[in-house]
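**Student:** Below is a structure I'd like to ask you about.
The values are calculated or read from the model by the stated rules, or taken from the named source; none is laboratory data. Keep in mind it's a predicted model, so treat the numbers as computed, not measured. Note that we place each Cβ from the backbone using ideal geometry, even for glycine, and neighbour counts take in every protein chain shown. Areas reflect the complete protein model, heavy atoms only, side chains present, ligands, DNA and RNA absent. Shrake-Rupley method; radii C 1.70, N 1.55, O 1.52, S 1.80 Å.
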Amino acid sequence: MISHITIRRLIIALCVTLTTFCGAEAKFTVVLDPGHGKEDHGAVGKISSEKDINLDVALKVGELIRKNMPDVKIVYTRDNDTFVTLQGRADIANKAKGDLFISIHTNSVDKKSKNYLTVHGASVYTLGFKRSSENLSVAMRENAVMKLERDYSTTYEGFDPSSTESYIIFEMSQNLHMDQSIEAANEIQKELVSTAGRYDRGVRQANFWVLFKTSMPAILVELDFICNPEMERFMNSKSGREKLATAIYNGFARYKSLADKRAGIASVPAKILAAPKDNVNEKVSEKQTLEVVPVDPPAKEPATECDDTPIIYKVQFYTSGSKLPANSPKLKGISDAEFYRDGGGVKYTTGNFLTEQDAKKRLAEVRKKFPDAFIIKTLGGKRIK
Ligand SMILES: [Zn+2]
């Protein structure tokens, strides 16, 4: 026969076990994803490759989290110079049941761009459908690594990273974690400006495969532009990397406090760190061929849009006096309709094509429903002649 005391002891033991178990389960898992690796250099500057900057900053972020946030488990998609596919990165994050996915990248623009040497600033991306040709070209560049895989079209379900049409698949998916992703992006973006002194290019949306396939709040950080020699030097300096890592850490710490509060978890907010000091005497690297000068935070000038923004062709098929509901019968079942406002009217378009030829194919289909449809050219979301 079991006595009352034994039963009570059993209950206590069970409660302790459950608490310990649940406590372990409640640990917050952050997945750090340094973009590119090994033969995939990512964007390349004069003295460095994106893959090395991404890795070092990610490791530094991990180190700060390890020191300051004992209740956080850190998972890296890579912690050395190896190649991991985009799908492989998402798989690692999903298997780890991450609570937040942070992909770390370095930006660039096309060599032919007028602002190749001057473009600068940090931005944090979430997956999203707000279209902008500039954001599309960043996503295209970051997704292009798929093509290094022999069997990429099978792995990525026929997705072609260089075709604007392919990006439609993203729009058919629901993003369950949008609000939290934007919250994390906002926190980190603010820190990249205040702690790391980056020019603020804002939180943006674009369709990156790693954000699409990770089933958790997910963001992609573009630290700054490697094509701008001054920014490249900053990202290759020890103090620059420490500032960037501190900024990401601080933003993450703030986000986690918010996430814990939302989940009803009583946690002690992690320490917010001060910006690391500049070291004006620092030599940047042995490979350095440029004159080393201390890097000041960039001037707060308006960002120039990238000149490599492609011209996008669309099929315009309907004009309305006011915005229509998405399922309006007036759109005759064109499900990917977009609109822009022009001269008081709301103009509806379908498709985003890099060539007029592709747009013509779509035009032929659309004309079956809207005989007066025609092709327009757009640049950076604006119609051009
Ligand atoms: Zn990248």
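**Student:** Go ahead and run the numbers for FRET between Ala144 and Leu176, Cβ-Cβ distance against an R0 of 25 Å, rounding to 0.05.
**Tutor:** Efficiency, rounded to the nearest 0.05: 0.40.
**Student:** While we're here: Suppose each label sits 7 Å from its Cα in the direction of the beta carbon; what would the Thr319-Ser153 distance come out to in nanometres?
**Tutor:** So the two model labels end up 4.1 nm from each other.
**Student:** Using the Karplus equation 6.51 cos²θ - 1.76 cosθ + 1.60 (θ = phi - 60°), what ³J(HN,Hα) coupling, rounded to whole Hz, does each residue of the stretch 176-190 give in order, writing x for Gly and Pro?
**Tutor:** With coefficients 6.51, -1.76 and 1.60, one gets 6, 10, 3, 4, 5, 4, 5, 4, 4, 4, 4, 4, 6, 4, 4 Hz.
**Student:** Okay, moving on. Using 31 Å as the Cα-Cα cut-off, could you pick out the over-long pairs in Lys332/Lys382; Lys27/Lys190; Lys111/Lys332; Lys46/Lys382; Lys112/Lys368?
**Tutor:** Going by Cα-Cα distance, Lys111/Lys332; Lys46/Lys382; Lys112/Lys368 fall outside the 31 Å limit.
**Student:** Quick one: Karplus J couplings for the stretch 45-62, per residue in order, coefficients 6.51, -1.76, 1.60, θ = phi - 60°, nearest Hz, x for Gly and Pro?
**Tutor:** x, 7, 10, 7, 10, 3, 3, 6, 5, 4, 5, 5, 5, 4, 5, 5, 4, x
**Student:** Please give, to one decimal in nm, the separation of the simple spin-label points placed at Lys360 and Leu117, each 7 Å out from Cα toward the Cβ.
**Tutor:** Modelled inter-label distance: 4.1 nm.
**Student:** Let me ask something additional. Quote to one decimal, in nm, the extra length available between Asp160 and Ser215 on full extension: 0.36 nm per residue of separation minus the C-alpha distance between them.
**Tutor:** Going from the current span to full extension adds 17.6 nm.
**Student:** Please report the accessible area of Ser322 (heavy atoms, 1.4 Å probe, ligands and nucleic acids excluded) in Å², nearest 10.
**Tutor:** Spelled out: Ser322, probe radius 1.4 Å, area about 70 Å².
**Student:** Note down the Stokes-Einstein diffusion coefficient of the stretch 28-263 in µm²/s, whole number, using a Kirkwood radius over alpha carbon pairs, 25 °C, and 0.890 mPa s.
**Tutor:** Roughly 140 µm²/s, to the nearest whole number.
**Student:** OK, next. Could you derive backbone 3J(HN,Hα) for the stretch 325-334 from the dihedral phi with the Karplus parameters 6.51, -1.76 and 1.60 (θ = phi - 60°), listing whole Hz in sequence and x where the residue is Gly or Pro?
**Tutor:** Each residue's phi maps through the Karplus curve to give x, 4, 9, 4, x, 5, 7, 6, x, 6 Hz.
**Student:** Treat every Asp and Glu Cβ in the stretch 311-384 as -1 and every Lys and Arg Cβ as +1, leave all other atoms uncharged, and give the resulting dipole magnitude about the Cα centre to the nearest 20 debye.
**Tutor:** Using Cβ point charges on Lys, Arg, Asp and Glu, the stretch 311-384 gives about 120 debye.
**Student:** What is the sum of charges around Lys95, taking Lys and Arg as +1, Asp and Glu as -1, for the other residues whose C-beta is under 15 Å from the C-beta of Lys95?
**Tutor:** After counting each charged neighbour, the total is +2.
**Student:** Shifting gears a bit: Taking the alpha carbon gyration tensor of the stretch 311-384, what are the square roots of 5 times its eigenvalues, largest first, to the nearest whole Å?
**Tutor:** 18, 16, 10
**Student:** Heavy atoms only, probe 1.4 angstrom, no DNA, RNA or ligands counted: give me Asp56, Asp151, Asp179 ranked by accessible area, highest first.
**Tutor:** Asp179, Asp151, Asp56
**Student:** Just the accessible area for Glu338, please: 1.4 Å probe, Å², rounded to the nearest 10?
**Tutor:** 30
**Student:** If you add up the charges near Glu356, with Lys and Arg at +1 and Asp and Glu at -1, over every other residue whose beta carbon is less than 12 angstrom from its beta carbon, what do you get?
**Tutor:** Every neighbour counted, the sum reads +4.
**Student:** Under a 1.4 angstrom probe, counting protein chains only, how are Ile375, Ile334 ranked by accessible area, largest first?
**Tutor:** Ile375, Ile334
**Student:** Still on this structure, please answer the following. Calculate, in nm to one decimal, what Val268 and Leu379 gain on full extension: separation in residues at 0.36 nm each, minus their alpha carbon distance.
**Tutor:** 35.2 nm
**Student:** For a quick check: with amide H placed at 1.01 Å from N, whose amide H comes under 5 Å from Gly128's, ignoring anything fewer than 5 positions away on the same chain?
**Tutor:** HN-HN under 5 Å from Gly128: Ala206, Asn207, Phe208.
**Student:** With unit charges on the beta carbon (Lys/Arg positive, Asp/Glu negative), name the residue among Gly343, Leu354, Tyr313 whose Cα is farthest towards the positive pole of the charge dipole of the stretch 311-384.
**Tutor:** The listed residue farthest towards the positive side: Gly343.
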